[in-house]
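Let me begin by presenting the structure, written as structure tokens, before commenting on it.
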Amino acid sequence: MITSGRLVFNSSLDHILLSSNKSINLNAQESINIDADTTIIESGKVYLGSIGADQPLLLGGVTVDVLNQLIDNLESFMSICATTTGLPQLAPLNEIAQTVGNNLANIQKELDKIKSKDIFTT
């Protein structure tokens with residue numbers, strides 16, 4: 001055990017390596033800071049928040065692909081609904097289908113903006 005006002009480990013030529021058979025715990029009263037151009041975490045599972053975290057993260061690229069497929073299908077359906085004629089009762093359907101179709105196109109343009117530019121997973 002080492003106790004001091006401040007500890008500095010500096011490697012001017014190579015790495016600092018920490019290894020343990022069970023775990024390495026980093027604990028601080030205020031914050032833990034990692035400053036690097038690239039940060040890689042290799043692990044079978046990563047829990048953010050606590051070990052009890054039970055909400056899975058979505059894969060950004062896959063999610064955007066699925067949403068694009070959904071929007072494409074809805075746009076096709078809205079196009080048919082917007083142009084179906086023959087009955088006066090269809091006029092409200094035509095109008096709302098046109099509006100929904102336009103909104104879907106705008107949503108689809110925004111999808112790539114929801115993907116992180118800095119955080120990636122496999």
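Each reported figure results from applying straightforward, stated rules to the coordinates on display, with no laboratory input. All values derive from a computational prediction rather than experimental measurement. Note that we place each Cβ from the backbone using ideal geometry, even for glycine, and neighbour counts take in every protein chain shown.
Take each peptide in 62-70, 28-36, count the other Cβ atoms within 10 Å of every residue, and average; sorted highest first, the result is 62-70, 28-36.
Set against the labelled values (i) 18, 18, 14; (ii) 55, 15, 13; (iii) 21, 18, 12, semi-axes √(5λ) of the Cα gyration tensor in Å computed from this structure falls on (ii).
Model label points for SER20 and THR63, set 7 angstrom from Cα along the Cα-to-Cβ axis, are 3.2 nm apart.
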